[in-house]
Ligand SMILES: Nc1ncnc2c1ncn2[C@@H]1O[C@H](COP(=O)(O)OP(=O)(O)OP(=O)(O)O)[C@@H](O)[C@H]1O
Ligand SMILES: [Mg+2]
């Protein structure tokens, strides 16, 4: 479904991605783990067309998307829940959801999609007229996921959805991600600092170090891998 | 006599304030969405005034009924001027969007000079006059010795302003376009990640701002009857002051600020001295900014990170 070949992305002179290869098949949950500054967010932003790759190829559904503007990529079916959530804090929860539906034929199916989002996160229904910025961190993350789902994506990119969220809510969010994949049939590409949880959930995983993919395998294989246990699972690597 | 005189100033102030308010909306919307002050906006207003003037002169040669002439002129001015606003954005600001913050400001100053010189070259430097298009009006309080007059033109100006402001307020608060604009104001990257074409949203903002300024230009030429290529400078600065006074980025603020600047200018001329009327508005601005740094209706941020 998504094939990334030898992608290189620069910020000015700084090279953040050094020839990254990643493949995500339709229906899978694929996770990417890596320490701070490895280039994980850069990869997602490159897929979404916010950052432009200077070399390599990104193919989605047999279509080369790497030179398309970001809004066209969303309209092709790739939605992103970015790092730090980035909800529109001055706008109401409802406005945030309606914005999410912009890609979905200009929001004509708003009422139908929003029901599915309420099923995932019932709390959002009670918060519709509240400003996004007044939600708690966990609620904001739910809104960010719900907002991305409003576009009815084929593929969902999630950037550290458990970052800074209470453990109880983290479970709820992981459950929602699983639901989205199994019931809504949305392919998932998940970036996580919580490597254990992510690898347990994922069909396959990749490890990104300094802009290079150093390891790949099924979730179970990676969970058992010694290097990964040392670096990402037993208190090493990221806090 | 005193009350009558006061009422007259009030009527004149509200009329002038309508014109400033219409221009101020353009400043405030552009600032809201791309965080720059469009110094060429006053000159867009001036272009609008010229388009309206030319349109009136051409229609005067025909025998079309007055209401139709007014409507057509309004539409022609809005459409032509919107094209200018759109072009200015495409040529002078869009290529600089990723550049350092001062670059589009300098470019805007350049565009302002270009527009002035273009109109000066195309239309000549001398003032242009327009015969009154709408004549007559109401008079009150003759018995007090000071007759208060409310011309039909003033009624027209205020009504059209209220009507347009209502329409555009609805557009911005109730439609998908308005929602996209408010989203762009906050986070353009995220707005693009919603599948919204950010460049187009910005272009539409310039189109709306320019067409409102053109209506102000049409009102201006009808009200004063004389214009030249330089009117955009002072009117632009005052409308900008109005936008800051109301709280830059806030549309109701721009309307309120416009009204206040119009009233201040007229009352200053009427009660203190006509000589320094242009300074009055700026003095008030300085005082207000000392006590309300974000203007009267500026938005306090409630960001939670
Ligand atoms: N806007 C930018 N300008 C310059 N350099 C940047 C920019 N954004 C990221 N970088 C650099 O690119 C590299 C990769 O950053 P990126 O944000 O992709 O890392 P990450 O893996 O997402 O890290 P984290 O886990 O902290 O979110 C880092 O070295 C970072 O400093
Ligand atoms: Mg990151």
statement: Assertion target for A:85, B:200, ordered by fewest C-beta neighbours within 10 angstrom first, is B:200, A:85
task: Please report how far the C-alpha centroid of region B:208-223 lies from that of region A:138-154, rounded to the nearest whole angstrom.
output: 42
message: Using all alpha carbons of chain B, what is the percent of pairwise distances in each 10 Å bin, ordered from the shortest bin to the longest?
response: 6, 26, 35, 23, 8, 2, 0
- prompt: For the residue pair residue A:112 and residue A:136, what label-to-label distance in nm results when each label sits 7 Å from Cα along the Cα-to-beta-carbon direction?
  reply: 3.4
- line: Using the Cα gyration tensor of region A:163-239, the equivalent ellipsoid's semi-axes, largest first and to the nearest Å, work out to 22, 16, 11
- request: Return the average number of partner chain Cβ atoms within 10 angstrom of each residue Cβ along peptide A:90-98.
  value: 3
Chain A - mean residue ellipticity at 222 nm from DSSP helices (-39,500 (n - 2.57) per run, n ≥ 4, rounded to 500): -9000 deg cm²/dmol
- request: Find the centroid of the Cα atoms in region B:45-103 and in region A:35-67, then give the distance between the two in whole Å.
  value: 42
message: With n ≥ 4 as the cut-off for DSSP H runs, can you work out [θ] at 222 nm for chain B, using -39500 (n - 2.57) per run divided by the number of residues, rounded to the nearest 500?
response: -24000 deg cm²/dmol
- line: The orientation-averaged projected area of the Cα convex hull of region B:125-265, in nm², is 11.1
field: Distance (nanometres) between label positions extended 7 Å along Cα→Cβ at residue B:226 and residue A:61
entry: 6.4
- line: For region A:1-138, using Cα atoms only, the Rg and Dmax in Å read 17.0, 47
field: Burial ranking of peptide ranges B:272-279, A:139-146, B:157-164 (average Cβ count within 10 Å, highest at the top)
entry: A:139-146, B:157-164, B:272-279
- line: Going fewest to most other Cβ atoms within 10 Å around each Cβ, B:255, B:218, A:1 line up as A:1, B:255, B:218
task: Note down the nm distance, to one decimal, between modelled labels 7 Å out along Cα→Cβ at residue B:147 and at residue A:14.
output: 7.4
field: Diffusion coefficient, µm² s⁻¹, Stokes-Einstein with Kirkwood Rh over alpha-carbon pairs of the protein assembly as shown at 25 °C and 0.890 mPa s
entry: 94
- line: Mean separation of Cα contacts under 8 Å (at least 6 apart) over the residue count of region A:43-88, i.e. the relative contact order in percent, is 36
field: Longest to shortest principal axis, alpha-carbon extents of region A:86-152, angstrom
entry: 29, 22, 17
task: Could you give the spread of the C-alpha atoms of chain A along their three principal axes, from largest to smallest, in whole angstroms?
output: 47, 39, 33
message: Can you sort B:33, B:25, B:290 from fewest to most other Cβ atoms within 10 Å of each residue's own Cβ?
response: B:290, B:33, B:25
- prompt: Hey, any idea what the orientation-averaged projected area of the convex hull of region B:213-292's Cα atoms comes to, in nm²?
  reply: 5.7
For a label point 7 Å along the Cα-to-beta-carbon line of residue A:233, residues of region A:12-38 with backbone N under 20 Å: A:29-36
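No lab work stands behind these numbers, since they all come straight from the coordinates. What you are looking at is a predicted structure, and each value in this text was computed from that prediction instead of being measured. Methodologically, a virtual Cβ is constructed for each residue, glycine included, from the backbone with ideal geometry; neighbour enumeration extends over all protein chains shown.
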